[in-house]
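The values are calculated or read from the model by the stated rules, or taken from the named source; none is laboratory data. A quick note: this is a predicted structure, and the numbers were derived from the prediction, not measured. We place every Cβ from the backbone using ideal geometry, glycine too, and count neighbours over all the protein chains shown.
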Amino acid sequence: MPWKETCAMDQRTRFVLEVFDRERPMTALCAEYGISRKTAYKWFSRYKAERLDGLKDRSRAPLQHGLQRPTELLEAVLGLRERYPWWGPRKLRFKLGGLFPGVPLPATSTIGDWLKKEGLTNKRRPRPRCTPSSHPLGRPEEPNDIWALDFKGWFKTGDGERCDPFTVSDLYSRYLLYCGHVERLDHDHVRPVMDAVFCEFGLPRCIRSDNGEPFASVAPGGLSRLALWWTKLGIDLQRIKPGKPQQNGCHERMHATLKEETASPPAETLSQQQQSLDAFRRRFNEERPHEALGDRPPAWVYHSSSRLIHVRFVNRNTPVTAPSAGCEATV
């Protein structure tokens with residue numbers, strides 16, 4: 001004769017029905033079914049409250065996970081993401097630490113999961129990594145050791161005006177020394193900008209640029225008028241190899257962030273676009289944490305150069321948006 005198969009639900013149902021019959025005491029029923037009195041009264045009370053649904057198995061997961069973060073942390077992260085839509089989990093976690101000092105912070109991966117659950121992440125296509133160049137460009141050892149400069153790439157504002165952002169950054173601290181539109185990409189328009197930057201921050205030991213105008217030329221040694229002026233000021237020159245923007249990777253990465261925050265989409269007018277560039281420079285220098293700096297903003301690391309310059313004030317027709325416009329660096 002085959003064994004009869006029973007399930008826990010059937011046994012619980014028969015047990016509570018026998019308890020209701022009250023023909024045998026609870027102790028005897030517990031012994032017959034092999035359960036404790038505590039378990040017996042648990043199933044009996046559930047049956048009285050929910051009938052047969054109370055006898056079904058329930059999840060043993062806790063109602064609240066022991067490591068679950070407070071709701072205010074989640075709301076704070078979402079608020080920071082709304083304020084800084086281009087920041088990732090690591091930078092948001094650093095900013096969160098300033099809002100909740102002394103509170104254990106969620107892991108970077110946890111913040112990433114929160115953003116993903118809320119639909120606030122964008123998948124990026126993997127980019128092939130280039131083989132590092134053996135070109136001896138050197139690494140900065142302190143602020144103002146190497147400055148990088150370049151044009152971000154032009155785009156049109158909402159009214160159809162062309163905007164050509166020109167940027168200068170300190171490669172050691174990532175500090176963005178200048179970020180503004182220039183009317184033309186030539187010596188006569190870049191020279192006044194560099195005058196103002198030198199007057200405000202001093203001279204770097206070295207300047208790194210690409211091989212395009214006005215930074216280089218087909219003249220002997222590749223010296224342009226701008227490069228010759230820098231050489232006379234005692235500044236060393238570094239030029240990356242043609243077609244190797246990764247050799248100026250820190251500056252190019254800043255350009256990617258600049259595009260996301262100021263040109264996607266661009267402003268309606270050129271003046272409004274310059275205001276957006278100025279606001280980006282302030283955020284980038286004073287608020288945005290950088291992993292290479294131990295999650296500190298560049299302004300916490302950068303200081304002006306000790307290599308001062310002789311300055312004479314001049315009147316120029318070319319408008320310059322740098323704070324110290326109107327001064328000229330001389331040898």
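Observations
- Count of residues meeting criterion [in contact (Cβ under 8 Å) with a residue 40 or more places away in the chain, surrounded by fewer than 17 Cβ atoms within 10 Å (Cβ to Cβ) and assigned to a loop (DSSP other than H, G, I, E, B)] in the range 138-166: 5
- Complete set of residues in the range 141-181 that are over 19 Å from residue 213 (Cα atoms), over 23 Å from the mean Cα position of the chain (by Cα) and not β-branched (Val, Ile, Thr): 141, 142, 144, 145, 156, 158, 159, 160, 161
- Of all residues in the range 252-276, exactly one satisfies the criterion of being among the hydroxyl-bearing types (Ser, Thr, Tyr), part of a helix (DSSP H, G or I) and exposed (fewer than 14 other Cβ atoms within 10 Å of the Cβ), namely 271.
- Residues satisfying the stated conditions in the range 239-251, i.e. in contact (Cβ under 8 Å) with a residue 12 or more places away in the chain and either assigned to a helix (DSSP H, G or I) or touching a Gly at 6+ places or on another chain (Cβ under 6 Å) (or both): 245, 246, 247, 248, 250, 251
- Residue match in the range 179-186 (condition: part of a strand (DSSP E or B), within 17 Å of residue 276 (Cα to Cα) and among the small types (Gly, Ala, Ser)): yes
- Any hit, the range 16-25, residues being over 43 Å from the mean Cα position of the chain (by Cα), modelled with pLDDT of 80 or more and more than 27 Å from residue 122 (Cβ to Cβ): yes
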